[in-house]
Amino acid sequence: MSDDGYGAPHWFDDDAGPVVRPYAMTRGRTTSAAQYRLDLIAVVVTEPHADDAGADQTLAPEHMDIVELCRTAPQSIAELASELDLPIGVVRVLVGDLVADELVHVTRPVPPAQLPDEGILRDVIDGLRAL
(Lines give C-alpha, C1' and ligand atoms only; values in the text may rest on other atoms or scores of the structure.)
Protein backbone atom coordinates (compact mmCIF):
# COMPACT_ATOMS: atom_id res chain seq x y z
CA MET A 1 0.00 0.00 0.00
CA SER A 2 1.34 3.44 -0.83
CA ASP A 3 0.41 7.07 -0.33
CA ASP A 4 -1.12 8.97 -3.26
CA GLY A 5 0.68 12.22 -2.35
CA TYR A 6 -2.39 13.64 -0.60
CA GLY A 7 -2.07 11.44 2.46
CA ALA A 8 -4.73 8.97 1.26
CA PRO A 9 -3.54 5.42 0.76
CA HIS A 10 -4.44 3.53 -2.40
CA TRP A 11 -4.36 -0.21 -2.93
CA PHE A 12 -2.60 -0.32 -6.28
CA ASP A 13 0.60 0.97 -7.77
CA ASP A 14 2.88 0.37 -10.73
CA ASP A 15 4.11 -2.86 -9.16
CA ALA A 16 0.62 -4.40 -9.03
CA GLY A 17 0.85 -5.87 -12.53
CA PRO A 18 2.73 -9.07 -11.57
CA VAL A 19 0.35 -9.63 -8.65
CA VAL A 20 -2.69 -9.60 -10.92
CA ARG A 21 -1.13 -11.60 -13.76
CA PRO A 22 -1.01 -15.01 -12.01
CA TYR A 23 -4.67 -14.62 -11.10
CA ALA A 24 -5.42 -13.92 -14.76
CA MET A 25 -3.30 -16.88 -15.92
CA THR A 26 -5.41 -19.30 -13.89
CA ARG A 27 -8.68 -17.53 -14.77
CA GLY A 28 -9.20 -16.88 -11.08
CA ARG A 29 -8.90 -20.53 -10.08
CA THR A 30 -6.83 -21.58 -7.10
CA THR A 31 -7.27 -25.34 -7.51
CA SER A 32 -7.61 -27.87 -10.27
CA ALA A 33 -9.13 -31.33 -10.51
CA ALA A 34 -5.68 -32.93 -10.15
CA GLN A 35 -4.62 -30.63 -7.28
CA TYR A 36 -4.54 -33.42 -4.69
CA ARG A 37 -1.58 -35.09 -6.43
CA LEU A 38 0.48 -32.02 -7.15
CA ASP A 39 2.86 -31.59 -4.25
CA LEU A 40 6.24 -29.90 -4.70
CA ILE A 41 8.12 -33.07 -5.63
CA ALA A 42 5.51 -34.48 -8.02
CA VAL A 43 7.19 -35.03 -11.39
CA VAL A 44 5.52 -33.80 -14.57
CA VAL A 45 6.13 -35.81 -17.75
CA THR A 46 4.98 -34.79 -21.23
CA GLU A 47 2.75 -37.31 -23.00
CA PRO A 48 4.09 -38.62 -26.33
CA HIS A 49 1.16 -37.17 -28.27
CA ALA A 50 1.71 -33.66 -26.84
CA ASP A 51 3.63 -32.65 -29.98
CA ASP A 52 0.41 -31.23 -31.43
CA ALA A 53 -0.28 -29.15 -28.29
CA GLY A 54 0.61 -25.98 -30.21
CA ALA A 55 -2.48 -26.45 -32.35
CA ASP A 56 -4.73 -26.10 -29.30
CA GLN A 57 -5.79 -22.45 -29.23
CA THR A 58 -7.18 -22.74 -25.68
CA LEU A 59 -3.74 -23.19 -24.14
CA ALA A 60 -1.99 -20.17 -22.68
CA PRO A 61 1.70 -19.53 -23.41
CA GLU A 62 2.49 -20.69 -19.88
CA HIS A 63 0.83 -24.04 -20.59
CA MET A 64 3.01 -24.42 -23.67
CA ASP A 65 6.11 -23.47 -21.67
CA ILE A 66 5.37 -26.26 -19.20
CA VAL A 67 4.90 -28.80 -22.00
CA GLU A 68 8.18 -27.71 -23.60
CA LEU A 69 10.16 -27.83 -20.35
CA CYS A 70 8.85 -31.30 -19.56
CA ARG A 71 9.49 -32.54 -23.10
CA THR A 72 13.25 -32.19 -22.64
CA ALA A 73 13.26 -33.78 -19.19
CA PRO A 74 10.66 -34.56 -16.53
CA GLN A 75 10.36 -31.66 -14.08
CA SER A 76 9.04 -31.39 -10.54
CA ILE A 77 6.39 -28.82 -9.69
CA ALA A 78 9.02 -26.88 -7.72
CA GLU A 79 11.44 -26.90 -10.68
CA LEU A 80 8.73 -25.66 -13.04
CA ALA A 81 7.78 -22.84 -10.67
CA SER A 82 11.41 -21.81 -10.41
CA GLU A 83 12.10 -22.03 -14.14
CA LEU A 84 8.94 -20.11 -15.09
CA ASP A 85 9.27 -17.65 -12.18
CA LEU A 86 5.65 -18.32 -11.17
CA PRO A 87 4.06 -19.02 -7.80
CA ILE A 88 3.68 -22.71 -6.90
CA GLY A 89 -0.11 -22.36 -6.73
CA VAL A 90 -0.27 -21.04 -10.29
CA VAL A 91 1.94 -23.86 -11.58
CA ARG A 92 -0.28 -26.43 -9.84
CA VAL A 93 -3.38 -25.06 -11.55
CA LEU A 94 -1.68 -24.89 -14.96
CA VAL A 95 -0.31 -28.44 -14.64
CA GLY A 96 -3.77 -29.58 -13.52
CA ASP A 97 -5.17 -28.14 -16.76
CA LEU A 98 -2.56 -30.02 -18.78
CA VAL A 99 -3.32 -33.26 -16.92
CA ALA A 100 -7.03 -32.80 -17.67
CA ASP A 101 -6.17 -32.21 -21.35
CA GLU A 102 -3.98 -35.36 -21.25
CA LEU A 103 -0.90 -33.46 -22.45
CA VAL A 104 1.15 -34.38 -19.37
CA HIS A 105 0.95 -36.90 -16.57
CA VAL A 106 2.21 -36.65 -13.03
CA THR A 107 4.19 -39.27 -11.17
CA ARG A 108 5.08 -39.23 -7.54
CA PRO A 109 8.31 -40.46 -6.03
CA VAL A 110 8.01 -43.64 -3.99
CA PRO A 111 7.48 -42.74 -0.34
CA PRO A 112 10.36 -43.90 1.89
CA ALA A 113 8.00 -46.18 3.82
CA GLN A 114 7.37 -48.17 0.62
CA LEU A 115 11.04 -48.63 -0.27
CA PRO A 116 12.60 -52.01 0.47
CA ASP A 117 14.51 -52.36 3.71
CA GLU A 118 18.24 -51.68 3.37
CA GLY A 119 19.03 -54.99 5.09
CA ILE A 120 17.10 -56.92 2.45
CA LEU A 121 18.98 -55.14 -0.33
CA ARG A 122 22.33 -55.97 1.33
CA ASP A 123 21.29 -59.63 1.63
CA VAL A 124 20.42 -59.70 -2.08
CA ILE A 125 23.77 -58.14 -3.01
CA ASP A 126 25.60 -60.62 -0.78
CA GLY A 127 23.65 -63.48 -2.37
CA LEU A 128 24.52 -62.28 -5.88
CA ARG A 129 28.20 -62.00 -4.97
CA ALA A 130 28.14 -65.55 -3.62
CA LEU A 131 27.07 -66.86 -7.03
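So between Leu131 and Asp117, what do we pick up on full extension, going 0.36 nm a residue minus the alpha carbon distance?
2.8 nm
At a 1.4 Å probe radius, which order do Thr107, Thr58, Thr46, Thr72 fall into by accessible area, largest first?
Thr72, Thr58, Thr107, Thr46
If each of Asp65 and Asp85 carries a label point 7 Å out from its Cα toward its Cβ, how far apart are those two points in nm?
A separation of 0.8 nm, rounded to one decimal place.
Given the whole protein assembly as supplied and a 1.4 Å probe, what does the accessible area of Glu79 come to in Å², nearest 10?
90 Å²
The values are calculated or read from the model by the stated rules, or taken from the named source; none is laboratory data. This one's a predicted model, so the numbers in the text were calculated from it and none came from an experiment. Virtual Cβ from ideal backbone geometry, glycine too; neighbours counted across all protein chains shown. These area figures cover heavy atoms from the full protein model, side chains too; ligands, DNA and RNA do not enter into them. Shrake-Rupley method; radii C 1.70, N 1.55, O 1.52, S 1.80 Å.
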